[in-house]
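The values are calculated or read from the model by the stated rules, or taken from the named source; none is laboratory data. None of these values were measured; they are calculated from a predicted model. Here the Cβ positions follow ideal geometry from the backbone for every residue, glycine too, while neighbour counts run over all protein chains shown. For the accessible areas, the whole protein counts, side chains as well, though only heavy atoms, and no ligand, DNA or RNA atoms are used. Shrake-Rupley method; radii C 1.70, N 1.55, O 1.52, S 1.80 Å.
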Amino acid sequence: MSDEPTPVVLLLHGPNLNLLGEREPEIYGSATLADHVATATEAAAAHGLALEHLQSNAESDLVDAIHRARGRCVAIIVNPGALTHYAWSLHDALGAYDGVVIELHLSNPNGREPWRHTSVVAPVATGTIAGLGGHGYALAVEAVARLLSTGRT
Ligand code: DQA
């Protein structure tokens, strides 16, 4: 057994994602937020990672969570909801974070309304996963594990 502490991945969800399962299921599917968090938690455990989760409808809560992750979490997986498209405070907070950042969306924003085509998070993300529904959570954790094992952040 190693004495090394289990690396922590922070999973963040922005506004309205607490309504998953009820909200526009034709776009976002029928799985709830708890279902997606369970998927990510299982995938993390399979890779020897611990997962922490926060959902908030308030931009400032997400900024504070990103600040608290600095020097503590090895990666952030973030589905910022509509904040993706205009929240420069998230851009700046993630820009000041030095671990892996995966931007995650259930739908494919680029195939939807034009205002969803801009992501202010993408420029400070290591990579983006979009349009693959709930499977994206396992893929995001897998990407984190791969990036950590290759030393790439
Ligand atoms: C979303 C896409 C955003 O455009 C939207 O505002 C959301 C969810 C997604 O997961 O597909 O709230 O981030």
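Okay, here's what the table says:
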read-out	value
The range 46-63: number of residues that are out of contact with any strand residue (DSSP E or B) (no Cβ under 8 Å at 6 or more places or on another chain), assigned to a helix (DSSP H, G or I) and open to solvent by 50 Å² or more (accessible area, probe 1.4 Å)	3
When residues of the range 1-37 are limited to those that are at positive phi and within 11 Å of the ligand (Cβ to nearest atom), the one surrounded by the fewest Cβ atoms within 10 Å (Cβ to Cβ)	Glu24
Number of the exception - Leu90 against (1) surrounded by fewer than 22 Cβ atoms within 10 Å (Cβ to Cβ); (2) under 12 Å from Gly14 (Cα atoms)	(1)
Matching residues, the range 93-123, being open to solvent by 20 Å² or more (accessible area, probe 1.4 Å), within 16 Å of the ligand (Cβ to nearest atom) and under 21 Å from Arg68 (Cβ atoms)	none
Filter pass, Ile66 being farther than 17 Å from Asn16 by Cβ, open to solvent by less than 40 Å² (accessible area, probe 1.4 Å) and assigned to a strand (DSSP E or B)	no
